[in-house]
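No lab work stands behind these numbers, since they all come straight from the coordinates. Computed from a prediction, not measured in an experiment: that's the story for all the values here. With ideal geometry, Cβ positions are generated from the backbone for all residues, glycine too; neighbour counts draw on all protein chains shown.
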Amino acid sequence: VTLARAKDLVSAAVARGTAVPAFNVITLEHAEAIVSGAESAGVGVLLQISENAIRYHGRFAPLLAACRELASSGSVSVGIHLDHIEASGLARDLIDRAETFGAGSIMVDASTLDYVANVAETSRLAADAHARGLWVEAELGAIGGKDGAKAPSAHAPGARTDPSEAIAFVAATGVDALAVAVGSSHAMTEKSASLDLALLESLAAEVPVPLVLHGSSGISDALLAQAIAAGVRKVNVGTALNVAWTAAVRAYLATETGGVDPRRYLTAARTEAAAVVAHLCDVIAGR
Ligand SMILES: [Zn+2]
């Protein structure tokens, strides 16, 4: 299957009333697990590479090139999305080179800025990205917990996106999709978050672009299905894969105390992560 793009995957989800699963890639094995899980479920997905993952590798080209190869050789539609790109220098480099790496979309994240500065920064980058044919997601109402190891910021999961501000933000910036703060928080290792479904419904009714749910690892399957019924059209998942991943590595190393071959425990991790991907594809794509 040829490389998919977020624009087409999300349009199809809008038409079906479902959502596109978007999974975060940290290592090559994450990308392999995601494509393999999506193939077992028979669901199109996005491989998303965040600024944090790029900073971990120290550069973006090797990982993006690997994702492009995997995405274009899968038996289901797989697209490449650039996630939480904050620094404008990196954002510009990625926008300039997105086509080379088959990335069809970018999330511009200026959500930590105040409203006026968020609008200014997002508009500028969205215009550049649109000039290159990219689909643009942005965030309004900072969704907490993004720093992973650091403590979640004080306003999360209490942050909420205001519907009238969201309408104005989309009109002012011209973005194609909006990540909203409705109760979820990044980096949750337990599925204990609650969502403001009534707010989600009003946002979906009033905001003229598809809504994106971040921090979905903290949300139960049943609640995820309700969020999609309320209007979420792209669901971002990162931590849930890493919970399964790390549990598999820990279990292997606890048993095989003399083992030194990374292929042994990474095979276990990749298999477990692929199973999580396949399951979430079923939940998110509404099958
Ligand atoms: Zn996110």
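Looking for something on the phi > 0 side of the Ramachandran plot, touching a residue at least 40 places away in the same chain (Cβ under 8 Å) and away from the ligand (no atom under 15 Å from the Cβ) - is there at least one such residue anywhere in the stretch 98-112? Within the stretch 98-112 (the criterion being on the phi > 0 side of the Ramachandran plot, touching a residue at least 40 places away in the same chain (Cβ under 8 Å) and away from the ligand (no atom under 15 Å from the Cβ)), the answer is yes, since at least one residue qualifies.
Yes or no, residue by residue, for (1) surrounded by 23 or more Cβ atoms within 10 Å (Cβ to Cβ); (2) in contact (Cβ under 8 Å) with a residue 40 or more places away in the chain; (3) among the aromatic types (Phe, Trp, Tyr):
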position: His186; (1), (2), (3): yes, yes, no
position: Ala204; (1), (2), (3): no, no, no
position: Pro210; (1), (2), (3): no, yes, no
position: Ile219; (1), (2), (3): yes, no, no
position: Val260; (1), (2), (3): no, no, no
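Candidates are the residues of the stretch 252-262 that are over 21 Å from Leu28 (Cα atoms) and in a helix (DSSP H, G or I); the one that is nearest to the chain's Cα centre (by Cα) is Ala254. Residue pairs whose Cβ atoms lie under 8 Å apart, sitting 6 or more positions apart in sequence or on different chains, and linking a residue in the stretch 23-37 that is in contact (Cβ under 8 Å) with a residue 40 or more places away in the chain to a partner that is of a type in the set (Ser, Thr, Tyr) and not in a strand (DSSP E or B), are Ile26/Tyr56; Ala33/Thr271. Only one of the numbered conditions (1) touching a strand residue (DSSP E or B) at 6+ places or on another chain (Cβ under 8 Å); (2) in contact (Cβ under 8 Å) with a residue 40 or more places away in the chain is not met by Ala53, and that is (2). In this structure, does Ala193 turn out to be within 15 Å of the ligand (Cβ to nearest atom), surrounded by fewer than 24 Cβ atoms within 10 Å (Cβ to Cβ) and of a type outside the set (S, T, N, Q)? For Ala193, the condition - within 15 Å of the ligand (Cβ to nearest atom), surrounded by fewer than 24 Cβ atoms within 10 Å (Cβ to Cβ) and of a type outside the set (S, T, N, Q) - is met.
Can you tell me which of Thr112, Thr122, Thr100 is touching a strand residue (DSSP E or B) at 6+ places or on another chain (Cβ under 6 Å) and not aliphatic (A, V, I, L, M)? Don't jump to the end; show me each part of the working.
Working: Thr112 fails: touching a strand residue (DSSP E or B) at 6+ places or on another chain (Cβ under 6 Å); Thr100 fails: touching a strand residue (DSSP E or B) at 6+ places or on another chain (Cβ under 6 Å).
Step by step, each of Thr112, Thr122, Thr100 is checked, and only Thr122 is touching a strand residue (DSSP E or B) at 6+ places or on another chain (Cβ under 6 Å) and not aliphatic (A, V, I, L, M).
A single entry from Ala181, Ala159, Ala227 fulfils the requirement of being surrounded by 21 or more Cβ atoms within 10 Å (Cβ to Cβ), within 16 Å of the ligand (Cβ to nearest atom) and within 21 Å of Tyr115 (Cβ to Cβ): Ala181.
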